[in-house]
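In what follows, a single structure is set out as structure tokens and then discussed.
The values are calculated or read from the model by the stated rules, or taken from the named source; none is laboratory data. Predicted model, so just to flag it, every value in this text is computed and none were measured. Glycine also receives a Cβ, built like all others from the backbone with ideal geometry; neighbour counts cover every protein chain displayed. Only protein heavy atoms, including side chains, enter the accessible area calculation; ligands, DNA and RNA are left aside. Shrake-Rupley method; radii C 1.70, N 1.55, O 1.52, S 1.80 Å.
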Amino acid sequence: MVITSTSNEQIKKLIQLKEKSKVRKTTGTFTVEGKKMFVEIPAEDLVSVYVSETFLKENGELVKDKKYQIVSDQVFKKISDTVTPQGIVAVVKQKSYSIDYIIEKRNKEKSCIVVLDRLQDPGNMGTIVRTGEAAGISGIIMSKDSADIYNPKVIRSTMGSIFRVPFSIVDDLAAAVDTLKDNGITTYAAHLKGELYNSGSLTNDCALLIGNEARGLSEEISTKADKLIKIPMHGKVESLNAAVATAILMYEAAR
């Protein structure tokens, strides 16, 4: 059976799941779109699969062992979050990690945990997750008022890393930073008033505190840091994109 109407209950629920953070939180699920992302989904987390008629004709092998629902190409455009839909959307279970899990997972001799304070841009969030996996971070801790990590734009930007980088969303970020420090992790705040980081700055077990794109770190979080650091810059540039700055510091920690 092919779904040919956007009035179909399954389709209406899919659109809500794509568009509304509240629905994602209530259901404990999120949507994943595209062939590359689909093959990255852990089997135990897959809830349901929707494919367009054209996709099924051209890529039937990809879903031959899965239960899937076929939708018309026109209807698929409504459930897609991209300008040029690839023809496959999956509903996936959300993960839940604790700070303790991230701390225990780390390499105690040398690891890096990223702490995000009210980061708002979905593209930045997704890029940090993806780059974090590449740089070998132990995980990400973020304040609850950061961008929704299950936003489709975030998911797409992670390019699959969302399934492999543990993250914890916390109500009290200051308390989370205290927990990191209690476990012997040195905290470094990216801050305009910090000292220039240099070769060898991030040589120990560390956490990088990254602030909001426009306002930076809150005073409460920055005062918790063991050290304030900043990235050297030339010309008239005052600051870098949050994801770029985080990437530089993550790779310095890895190096």
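Which is in contact with a helix residue (DSSP H, G or I) (Cβ under 9 Å, 6 or more places away or on another chain), open to solvent by less than 80 Å² (accessible area, probe 1.4 Å) and on the phi > 0 side of the Ramachandran plot, of 28, 87?
On the way: 28 fails: in contact with a helix residue (DSSP H, G or I) (Cβ under 9 Å, 6 or more places away or on another chain).
It is 87.
Only one of 118, 106 is at pLDDT 95 or above, assigned by the TED database to the domain that holds residue 215 and of a type in the set (D, E, K, R); which? So that I can check it myself, show each step before the final result.
Details: 106 fails: at pLDDT 95 or above.
Exactly one of 118, 106 is at pLDDT 95 or above, assigned by the TED database to the domain that holds residue 215 and of a type in the set (D, E, K, R), namely 118.
Considering 186, 131, which residue is under 24 Å from residue 227 (Cα atoms) and over 21 Å from the mean Cα position of the chain (by Cα)?
Values: 131 fails: over 21 Å from the mean Cα position of the chain (by Cα).
From the options 186, 131, the qualifying one is 186.
Show me the strands (runs of 3 or more DSSP E) found entirely inside the stretch 147-255 where at least 2 residues are touching a Gly at 6+ places or on another chain (Cβ under 6 Å) and either open to solvent by 10 Å² or more (accessible area, probe 1.4 Å) or modelled with pLDDT under 95 (or both). Full working, then the answer.
Working: elements: 167-170, 186-196, 206-210, 227-230.
Result: 227-230.
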